Amino acid sequence: QLQFVESGGGLVQSGGSLRLSCAASGSTLDYYQIGWIRQAPGKEREGVSCISSSDGSTYYSDSVKGRFTISRDNAKLTVYLQMNSLKPEDTAVYYCTVDPFCWGVVRGETAYLGPYWGQGTQVTVSS
């Protein structure tokens with residue numbers, strides 16, 4: 001079973017940066033598209049970024065494009081999300097999960113996502 005552990009979140013001022021890590025276990029990452037999903041209290045979960053397994057293509061939601069960068073190291077079973085120029089609206093719990101078609105970002109759809117979630121990591125951006 002593929003499992004994930006997210007880390008790297010914390011409290012940062014507006015304009016600051018954080019680097020999130022998603023460590024996987026139970027399988028290799030070679031054949032999986034991995035997405036970063038966030039959810040703030042009282043709001044629907046939102047796909048913010050995704051990275052493919054085939055060609056390394058990356059995708060970003062309009063709200064984070066130009067500020068966030070996703071990358072992966074399959075040998076280390078880890079996916080990263082570098083977050084720069086953080087805004088208070090980025091405050092949420094961030095999760096990584098298998099996103100088979102990167103539709104969490106490309107189509108803005110997250111309901112189809114499977115059960116491969118970690119506990120998430122809290123990102124809080126103060127004004």
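The numbered conditions (1) touching a Lys or Arg at 6+ places or on another chain (Cβ under 6 Å); (2) within 20 Å of Leu113 (Cβ to Cβ); (3) crowded, with 16+ Cβ neighbours inside 10 Å are all true for Ser49 except (1). The set of residues in the range 61-105 that are farther than 12 Å from Ile51 by Cβ, open to solvent by less than 10 Å² (accessible area, probe 1.4 Å) and of a type in the set (A, V, I, L, M, F, W, C) comprises Val64, Met83, Leu86, Ala92. Put simply, of Thr97, Thr69 the only residue that is touching a residue at least 12 places away in the same chain (Cβ under 8 Å) and within 17 Å of Val5 (Cα to Cα) is Thr97. Here Ser49 meets the list (1) within 14 Å of Val123 (Cβ to Cβ); (2) part of a strand (DSSP E or B); (3) free of Cβ contacts under 8 Å to residues at least 24 places away in the same chain almost entirely, failing just condition (3). Taking the criterion of being under 15 Å from Leu20 (Cβ atoms) and touching a Phe, Trp or Tyr at 6+ places or on another chain (Cβ under 8 Å), the residues of the range 37-68 that qualify are Ile37, Arg38, Gln39, Gly47, Val48, Ser49, Cys50, Ile51, Tyr60, Phe68.
Is it fair to say Gly108 is farther than 17 Å from Arg19 by Cα, small (Gly, Ala, Ser), open to solvent by 20 Å² or more (accessible area, probe 1.4 Å) and in contact with a strand residue (DSSP E or B) (Cβ under 7 Å, 6 or more places away or on another chain)?
Yes, satisfied.
State whether one or more residues within the range 52-59 are under 12 Å from the mean Cα position of the chain (by Cα) and among the acidic types (Asp, Glu). There is no residue in the range 52-59 that is under 12 Å from the mean Cα position of the chain (by Cα) and among the acidic types (Asp, Glu).
Restricted to the range 111-127, and to residues that are open to solvent by less than 60 Å² (accessible area, probe 1.4 Å) and in contact (Cβ under 8 Å) with a residue 60 or more places away in the chain, which residue is nearest to Tyr31 (Cα to Cα)? Checking each candidate, the answer is Leu113. Considering the range 1-41, the qualifying strands (runs of 3 or more DSSP E), each wholly inside and each with 1 or more residues that are buried (at least 21 other Cβ atoms within 10 Å of the Cβ) and in contact with a Lys or Arg (Cβ under 6 Å, 6 or more places away or on another chain), run over 34-39. From the residues in the range 9-51 that are within 17 Å of the chain's Cα centre (by Cα) and β-branched (Val, Ile, Thr), which one is farthest from Phe68 (Cα to Cα)? Here the answer is Ile34.
The values are calculated or read from the model by the stated rules, or taken from the named source; none is laboratory data. Being a predicted model, the structure only gives us computed values, none of them experimental. With ideal geometry, Cβ positions are generated from the backbone for all residues, glycine too; neighbour counts draw on all protein chains shown. Only protein heavy atoms, including side chains, enter the accessible area calculation; ligands, DNA and RNA are left aside. Shrake-Rupley method; radii C 1.70, N 1.55, O 1.52, S 1.80 Å.
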